[in-house]
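The values are calculated or read from the model by the stated rules, or taken from the named source; none is laboratory data. The model shown is predicted, which means the values in this text are computed figures rather than measured ones. When we count neighbours, we look across all protein chains shown, and the Cβ atoms used for this are built from the backbone with ideal geometry, even at glycine. What goes into the accessible areas is simple: the full protein's heavy atoms, side chains included, and nothing from ligands, DNA or RNA. Shrake-Rupley method; radii C 1.70, N 1.55, O 1.52, S 1.80 Å.
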Amino acid sequence: SKSNGSVVIEDLSIQGGREYGLYAYNGMDLIVRRCKVEKCQGYGVVAYNAHISCDDVQVVGCLYSGVLAMNGGTVKLSGETTRIEGNVTGGRSDLHGLTAYDSSSKIQIVTPLTKDTISFSNRGGGNWGGDGTIEQVSA
């Protein structure tokens, strides 16, 4: 549920989540540091009308998108060990390793990272896409 401040998750490994690895919803502000999300039976990290800041996070081998921003959601990715790899194992062509689903959604990649260096070997529609914005930002 919506918090009065930020929720911080650090040094956690999530494996085999049923629908989502991490899910922020309707106004939540989630900070994720040094975590690994892998082999979820749905999406890895989802911001639905919420904000997630990920630092040194790996999302690997999920059935659908590794990172999904939708309905005004924003995901900010930073940290030299961040990688979004081998997701969309279900092969859905409308999903990507990084998916900014609709025009109100945004995925921000903090310099010096680029979408090319962090998102690779994803199936389905490829490494990134959607109708939203995927942009490079400064810290």
- [ ] Report yes if some residue within the range 7-18 is closer than 23 Å to Pro112 by Cβ, of a type outside the set (A, V, I, L, M, F, W, C) and either at pLDDT 95 or above or open to solvent by less than 10 Å² (accessible area, probe 1.4 Å) (or both); otherwise report no.
- [x] yes
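Taking the conditions exactly as written (at pLDDT below 95 and open to solvent by 20 Å² or more (accessible area, probe 1.4 Å)), does Met28 satisfy them or not?
Values: at pLDDT below 95: yes; open to solvent by 20 Å² or more (accessible area, probe 1.4 Å): yes.
Answer is yes for this residue.
Suppose the filter is among the β-branched types (Val, Ile, Thr), touching a helix residue (DSSP H, G or I) at 6+ places or on another chain (Cβ under 6 Å) and modelled with pLDDT of 95 or more; does Ile109 pass it? Quick ask: steps written out before the conclusion?
Working: among the β-branched types (Val, Ile, Thr): yes; touching a helix residue (DSSP H, G or I) at 6+ places or on another chain (Cβ under 6 Å): yes; modelled with pLDDT of 95 or more: yes.
Answer is yes for this residue.
Return yes when Arg83 is touching a Ser or Thr at 6+ places or on another chain (Cβ under 9 Å), modelled with pLDDT under 95, of a type outside the set (Ser, Thr, Tyr) and within 21 Å of Gly126 (Cα to Cα) and no when it is not.
Numbers: touching a Ser or Thr at 6+ places or on another chain (Cβ under 9 Å): yes; modelled with pLDDT under 95: no; of a type outside the set (Ser, Thr, Tyr): yes; within 21 Å of Gly126 (Cα to Cα): yes.
The answer is no for Arg83.
Could you look through the range 62-71, keep only residues that are open to solvent by less than 30 Å² (accessible area, probe 1.4 Å) and in a loop (DSSP other than H, G, I, E, B), and pick out the one that is nearest to Ser138 (Cα to Cα)?
Start the filter on the range 62-71 by keeping residues that are open to solvent by less than 30 Å² (accessible area, probe 1.4 Å), which leaves 62, 65-69.
Right, trim to in a loop (DSSP other than H, G, I, E, B) and you get 62, 65-66.
Working: Cys62: 28, Ser65: 24, Gly66: 22 Å.
Among residues in the range 62-71 that are open to solvent by less than 30 Å² (accessible area, probe 1.4 Å) and in a loop (DSSP other than H, G, I, E, B), the one nearest to Ser138 (Cα to Cα) is Gly66.
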Open item on the list: Out of Ile84, Ile107, I need the residue that is of a type outside the set (Ser, Thr, Tyr), over 19 Å from Asn71 (Cβ atoms), within 15 Å of the chain's Cα centre (by Cα) and outside any loop (DSSP other than H, G, I, E, B). Which one?
Closed with: Ile84
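Check Thr99, Thr114, Thr89 and return the single one that is touching a residue at least 12 places away in the same chain (Cβ under 8 Å), open to solvent by 40 Å² or more (accessible area, probe 1.4 Å) and over 17 Å from Val137 (Cβ atoms).
Values: Thr99 fails: open to solvent by 40 Å² or more (accessible area, probe 1.4 Å); Thr114 fails: over 17 Å from Val137 (Cβ atoms).
Exactly one residue qualifies, and that residue is Thr89.
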Open item on the list: Looking at Tyr48, Tyr23, can you tell me which residue is among the aromatic types (Phe, Trp, Tyr) and open to solvent by less than 70 Å² (accessible area, probe 1.4 Å)?
Closed with: Tyr48
Task: Qualifying positions in the range 37-61 - assigned to a loop (DSSP other than H, G, I, E, B), closer than 19 Å to Phe120 by Cβ and touching a Lys or Arg at 6+ places or on another chain (Cβ under 7 Å) - done: Asp56, Gly61
